[in-house]
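The values are calculated or read from the model by the stated rules, or taken from the named source; none is laboratory data. Predicted, not measured: the structure shown is a model, and the values here were computed from it. Glycine also receives a Cβ, built like all others from the backbone with ideal geometry; neighbour counts cover every protein chain displayed.
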Amino acid sequence: MKERIKKIAAIITTTSLLIPTLTYSNGSQPLKLDQTTTLDLALHESLLLQQANERLNLAKAEKNLFDANYAPQVGLRFKTNYLHTGKEDLTGDNDKEESKIESNIDLYLKQKFKNAVELEWIIRETRKEELIEKPSTENNQFRTFEPELILKFSFPTPYLSTTPANEKAKQAIADATLEAAEITYEQAVRDVKLFVTQNYYEVLKITAFVGNQKSYVLNIKEDDSIIKKTTNFEADLMRAATELSSAQDALNNRQNNYERILNNLKSLLGLALTTEISITASPEYLPFNQDLEYCIKNSIQNSLELKKLRAFQQAIQKEAKAAKKGPTRDAKIGLEGKFNPETEEYKFGLGIDIPLPFFDKNTEARQSKSESDQIIISLEMQKEENNIKLEITNLYSALREAENRIKATNENISNLENTRISTIKAYTNKKLDFSALIDLERELQKNNDKKTELLIDYNIKRMLITSKINPENFL
């Protein structure tokens, strides 16, 4: 999935380099706009895609923040201890005696005890007991500050925890969130392609409509010429002139609609409205050879919506497993060093920190929530599968119906074109009046427009169903 996103990003970057050339080179020649160029420009300009990309970056940052919780942590702290040993006598003998007592105690305890923390505590407590019995006054007290420089190194170890399933559940949720963001980005790419391609098809449709109307105008002109060469009936000439004027007005209207629809596409692609566009493509029929069973199976298997739900389902399953094992107990391994600048003493300690939440009341609630979440996500997946089946079935039926209507319309057009030849011959022999020929011309033009509509509708439905079967590469 990450490789696919990189490829899409590379396409967008390449397109961004081409845009100035495509947009401003129209001074010498029009921009040739085919489907590939349309998609490249759309992917670069889409605000939807830019938003999805920012959400993806945010999900990556949140995943990195989660991973940072399990990175080594180093801290430096300066500490000073205030030591108050009690009240002293004013006589110098007491000071000497106290010093002697302290030296003897320190020597004895250092030989007997090896643990630095225990030793420090016993020295202080022993001094307190020995010296507190001595007579003293409030005018002379012994106070001292003991500075310490402490370097602490902590390395969290989730998999040494008493409940590693909790950490695996957290990791699964973080991974699922990131995967969901990646899928959302793919959905945005797909939706942009669908939306822009539909607009591109609208341009192809109005282009074909303009072509059909031009053909109709040419046919009427040809009919007018036939009248002048054969019957030269004044009534028929007036009828042909009226029909030609009406056909020309319809052509002008279609050309205006073409400009409007083309400008909409230019805006979507980020092109200036003054950009000259050249479109040579026309609607065409591409057969669809897959059966309904294949379409449904692959649509469910490759559904981006279902992939997102599956990712969260796996995370919820791990969370449910963790909930059964009880409360979270995050273990940490720590290394700590202390240095006393005054005495030039230093010491190191290694320990494992495992909190024990004896009064935890959340285990039962977590289990209940996990069970509900599993049921909800399963129902959501079942609902999405049913929606896919229904949508694909309807699209498939509409696609096959459009195919049949295209075939029938092609047959009608072929018959009408053959009939037109015989009708012109009959009119020149004065066996038919001119109204029969005009009616035939109108019917032929109507069927050509109908064929264009059907081809565009067929191609859109074909695109929609293939986007479900293969969301990554459907165009």
Consider Asn404 against the criteria (1) assigned to a helix (DSSP H, G or I); (2) under 30 Å from Ala315 (Cα atoms): it satisfies all of them except one. Which criterion is unmet? (2)
Which pairs have Cβ atoms under 6 Å, sit 6 or more apart or on different chains, and link a residue in region 174-203 that is in a helix (DSSP H, G or I) to one that is of a type in the set (Phe, Trp, Tyr)? Ala174/Phe66; Ala176/Phe312
Index of the failed condition, Arg366 passing every other in (1) of a type outside the set (Gly, Ala, Ser); (2) in contact (Cβ under 8 Å) with a residue 24 or more places away in the chain; (3) surrounded by fewer than 17 Cβ atoms within 10 Å (Cβ to Cβ): (3)
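Would you confirm, using the coordinates I've provided, whether Glu293 is surrounded by fewer than 16 Cβ atoms within 10 Å (Cβ to Cβ), in the same structural domain as Asp40 (by TED's automatic domain parsing) and under 25 Å from Arg190 (Cα atoms)? Steps first, answer last, please.
Numbers: surrounded by fewer than 16 Cβ atoms within 10 Å (Cβ to Cβ): yes; in the same structural domain as Asp40 (by TED's automatic domain parsing): yes; under 25 Å from Arg190 (Cα atoms): yes.
Spelling it out, Glu293 is indeed surrounded by fewer than 16 Cβ atoms within 10 Å (Cβ to Cβ), in the same structural domain as Asp40 (by TED's automatic domain parsing) and under 25 Å from Arg190 (Cα atoms).
Take the conditions outside any helix (DSSP H, G or I) and either more than 30 Å from Lys307 (Cα to Cα) or more than 38 Å from the chain's Cα centre (by Cα) (or both) and apply them to Leu437. Does it pass?
no
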Criterion first (at pLDDT 90 or above, closer than 30 Å to Glu45 by Cβ and either out of contact with any Asp or Glu (no Cβ under 8 Å at 6 or more places or on another chain) or assigned by TED's automatic domain parsing to the domain that holds Val192 (or both)) does Asn257 satisfy it? yes
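Residue check: is Leu454 under 21 Å from Gly211 (Cα atoms), among the hydrophobic types (A, V, I, L, M, F, W, C) and out of contact with any Pro (no Cβ under 7 Å at 6 or more places or on another chain)? Steps first, please.
Working: under 21 Å from Gly211 (Cα atoms): yes; among the hydrophobic types (A, V, I, L, M, F, W, C): yes; out of contact with any Pro (no Cβ under 7 Å at 6 or more places or on another chain): yes.
Yes; evaluated as a whole, the condition is true for this residue.
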Just to be sure before I move on: is Leu244 surrounded by 13 or more Cβ atoms within 10 Å (Cβ to Cβ), touching a Phe, Trp or Tyr at 6+ places or on another chain (Cβ under 9 Å), of a type outside the set (Asp, Glu) and in a helix (DSSP H, G or I) in the structure I sent? no
